[in-house]
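> Next up is a structure, given as structure tokens.
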């Protein structure tokens, strides 16, 4: 019996994730989401907006929460870009990326009013690529205080 | 209905216990080296944690502003953290090994008992999700990059402004 291994190799997973960041650099949110499975999980861990009665978090699905956040970021930071530093992948579909993301604020973002200031902040992304060769999980970590300081927003909330 | 059979333990057949609390392992993989570091850190045992860290380690703790630092600065951070949170708990959610690079997603929890990163002690409970990326060479950690949101940390410690960390 002949069997075929369907799981993408580490190299294939890395190429997929690099394509994701290329699309992000072009601000092509549709392509970013198209590289993800329909039910891909999304978690922007530091994304946390505390209101009087509820807390908004950056957790959910790529094609709902993720796409909304990416679109909002591009609107608020029209020159939003990224520089990828390292990509480490394994044959289990895991891909870890370190990069800098930055841009100049033109519209309000969260509680930060636009002051025309820019930011560049180190980020770490953790992706998982499924057997179909699509991203099925994205988690990201960064220091929101570092971004807020650069934007001139000094209130914690 | 019998669900399982309990077998008398025989010393020669007992599985070797994987050491989780010390750095003295027999076969150190990158993931085991990192586990030894984090387990010791979680127990406040800074000396054991540092025993698996190379002397020439390069450390970036972005939220603290510490970049390109060395073993001494990492050790001081671990001491400060263990002192400020004597009930520190690190809960690992995911460990990813990709060659010499090990990335750990974890939850950092504890109750503040001393000033920490400029925030005065108000005995607040802290829980912050973090990601630590380690580069391991041989059986030593040669690179540490830690990511967490200082805004979340300060919010939980009741800090109001980034330019007045010590005021409440």
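> Got a sec? Which residues in the range B:25-51 would a label at residue B:79 touch, if it sits 7 Å along Cα→Cβ and we count backbone N under 12 Å?
The answer is B:46-47.
> Give the calculated FRET efficiency between residue B:95 and residue A:100 to the nearest 0.05, with a Förster radius of 30 Å applied to their Cβ-Cβ distance.
The value I calculate is 0.75.
> Here's a follow-up. Which angle from 0 to 90°, rounded to the nearest 10, does the C-alpha axis of helix A:10-25 make with the longest principal axis of chain A?
30 degrees
> Right, next: Spin-label point model (7 Å from Cα, Cβ direction): what's the residue A:83 to residue A:7 distance in nm?
With each label point 7 Å from Cα toward Cβ, the separation is 3.5 nm.
> Additional query: What distance in nm lies between label points placed 7 Å from Cα along the C-beta direction at residue A:75 and residue B:67?
Using points 7 Å along Cα→Cβ, the separation is 3.1 nm.
> Related question: Assuming 0.36 nm per residue, please report the length gained on full extension of the stretch residue B:163 to residue B:51 beyond their Cα-Cα distance.
Residue separation times 0.36 nm, minus the Cα-Cα distance, leaves 36.7 nm.
> Could I ask something else about it? Output the 0 to 90 degree angle, nearest 10, between the alpha-carbon long axis of helix A:67-76 and the longest principal axis computed from the alpha carbons of chain A.
Between helix and principal axis, roughly 40 degrees.
> In addition: What is the distance, in nm, between label points placed 7 Å from the Cα along the Cα-to-Cβ direction at residue A:64 and at residue A:108?
It works out to 2.5 nm between the two label points.
> Further question on the same structure: Express in whole angstrom the spacing between the alpha-carbon centres of the range A:3-47 and the range A:63-126.
Rounded to whole Å, the Cα centres lie 14 Å apart.
> Here's a follow-up. Decide, for the protein assembly as shown, between rounded, prolate and oblate: order the square roots of the alpha carbon gyration tensor eigenvalues as a ≥ b ≥ c, take rounded if a/c falls under 1.5, and otherwise choose prolate if a/b is larger than b/c, else oblate.
oblate
> For residue B:139 and residue B:115, what does the FRET efficiency come to when R0 = 35 Å and r is the distance between their Cβ atoms, rounded to the nearest 0.05?
E(calc), rounded to 0.05, equals 0.50.
> With both partners inside the protein assembly as shown, how many of the DSSP beta bridges are antiparallel, as a percent to the nearest 5?
If we restrict to bridges inside the protein assembly as shown, about 85 percent are antiparallel.
Bear in mind that the values in this text are calculations on the coordinates, not laboratory data. Small disclaimer: the values here were computed from a predicted structure and weren't measured. Glycine gets a Cβ as well: all are built from the backbone with ideal geometry, and neighbour counts include every protein chain shown.
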